Amino acid sequence: MRIYLDNASTTPIHPEVLEVMHKVLTEDFGNPSSIHHYGRKARSIIEQARKVVAKTINASIGEVFFTSSATEANNMVLKNAVKDLGIQRIISSPTEHHCVLHSLDNIQSEGKCEVIMLSVNRYGNIDYDQLKLLLEDKSIKSLVSIMHGNNEIGTMHDIKRIGQLCKDNGALFHCDTVQTIGKYPIDVQTTYINFLSGSAHKFHGPKGVGFVFISNESMLSPFIHGGAQERNMRAGTENVAGIAGLAKALEISSENIAKNHQKVQQLRTLFKSLIDEKLTDIHYNGVQNDNFMVHVLSVSFPAGPKADMLVMNLDIAGISASSGSACSAGIEEDSHVLIAIGHPSERKTIRFSFSPFNTEDEIRITVEKLNYLTKGSD
Ligand code: PLP
């Protein structure tokens, strides 16, 4: 039996989602652009899915577009906001996902827009005072791009506060909600957000399909050119089964937010208390008291050869988790997020991430293995 504790990376597909997708792939396989029966059926599946997404975030259906991924959605928003809306300055943070950071590198290299990175503290919180101060200079048309929840360390940003700061100062707000959509309620009517992205495979849907919310007040032009799909916003024949799967997965997650939250929180609490009981010199990265995502626990282990091999040895023992390092030029180093929060580079971080499909038994087995694999002489 294998244990999967890498749910921030991707999640197993929900059986009901698979059923919906199977039906679309086998029976409703028409091209949504065709005007015959099969095409019309496929089109209505997409429009139904759009309603589900719009309802989940309280947007209007005209503000929701399907994409191939959240990576595409974030690229589209950042690059086209500069191109279409005359954004002169983007304010972001060094703990954003690479699809945001590398898009910003690209934007900056073209010299059309200034990019400013906010300071983050050792818990991964942004400096809200710095943001306020920057936004007070209203002479520069600004976009703030800050994620809702951090995929590596679990720290959540106060998006209501960021949105309000943007609104008060005439700036736009882009929020990567990949790790939180379907897990936390998000309402674009009560939180000032202009752009938001999501990805189906993070909430038990399929890979290769995402969506972008673009508010009517800050509409963009297409990012991918071609046919008239997605009301001319995103060319390319739609991934109908993927879109249907995304909607079903989002519907199931959104209906079960409270129940899933409680279950996952219990798993995390148990995991943490067993680690604290059995292992020594353990640190946790990211916020631990409030405003953290319950499905992520980033654990920092003391240095040593056993720690270096831990993710691999866990995998050999049947447990899949994620290392907090990136391989750069053949040398393993802390990820950009861990570097940004000043994680001591000699320690080793492993990210464990949970879903409602995990069990308490899996948590107990994992901590026992961790105990075994970290004890003894190095
Ligand atoms: N943003 C965050 C916070 C993520 O965790 C991920 C996926 O790891 C992405 C964006 C990219 O999503 P996708 O896999 O749909 O490109």
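The values are calculated or read from the model by the stated rules, or taken from the named source; none is laboratory data. It should be emphasised that the depicted structure is a prediction, and the values quoted were computed from it without experimental measurement. Here the Cβ positions follow ideal geometry from the backbone for every residue, glycine too, while neighbour counts run over all protein chains shown.
Among the residues of region 237-260, write down those that are in contact (Cβ under 8 Å) with a residue 24 or more places away in the chain and either part of a loop (DSSP other than H, G, I, E, B) or charged (D, E, K, R) (or both). Result: T237, E238, N239, K248, E251, N256, K259.
If we keep just the residues of region 68-81 that are among the aliphatic types (A, V, I, L, M) and in contact with a Leu (Cβ under 8 Å, 6 or more places away or on another chain), which is farthest from the ligand (Cβ to nearest atom)?
Initial filter on region 68-81 (among the aliphatic types (A, V, I, L, M)): 70, 73, 76-78, 81.
The next check asks that each one be in contact with a Leu (Cβ under 8 Å, 6 or more places away or on another chain); those that pass are 76-78, 81.
Numbers: M76: 12, V77: 12, L78: 12, A81: 17 Å.
That would be A81.
In the set (1) free of Cβ contacts under 8 Å to residues at least 40 places away in the same chain; (2) closer than 30 Å to R50 by Cα; (3) of a type in the set (A, V, I, L, M, F, W, C), the condition left unmet by V311 is number (2). Per the conditions (1) within 16 Å of the ligand (Cβ to nearest atom); (2) farther than 20 Å from A340 by Cβ, the sole criterion not satisfied by L172 is (1).
Within region 77-109, which residues are part of a loop (DSSP other than H, G, I, E, B) and buried (at least 18 other Cβ atoms within 10 Å of the Cβ)? The answer is I87, S93, T95, E96, H97.
In region 315-327 there is at least one residue matching the filter, namely being of a type in the set (D, E) and at pLDDT 95 or above. Count of region 44-69 residues, restricted to those that are surrounded by fewer than 19 Cβ atoms within 10 Å (Cβ to Cβ) and touching a Gly at 6+ places or on another chain (Cβ under 9 Å), is 2.
Condition test on H157, is it surrounded by 15 or more Cβ atoms within 10 Å (Cβ to Cβ), more than 22 Å from N285 (Cβ to Cβ) and within 16 Å of the ligand (Cβ to nearest atom)? It is false that H157 is surrounded by 15 or more Cβ atoms within 10 Å (Cβ to Cβ), more than 22 Å from N285 (Cβ to Cβ) and within 16 Å of the ligand (Cβ to nearest atom). Checked against the criterion of being more than 23 Å from T191 (Cα to Cα) and either in contact (Cβ under 8 Å) with a residue 12 or more places away in the chain or among the polar types (S, T, N, Q) (or both), the candidates E96, E110, E47 yield just one match: E47.
Before we move on, is S254 surrounded by 15 or more Cβ atoms within 10 Å (Cβ to Cβ), polar (S, T, N, Q) and under 19 Å from the mean Cα position of the chain (by Cα)?
Taking the combined requirement at face value, the residue satisfies it.
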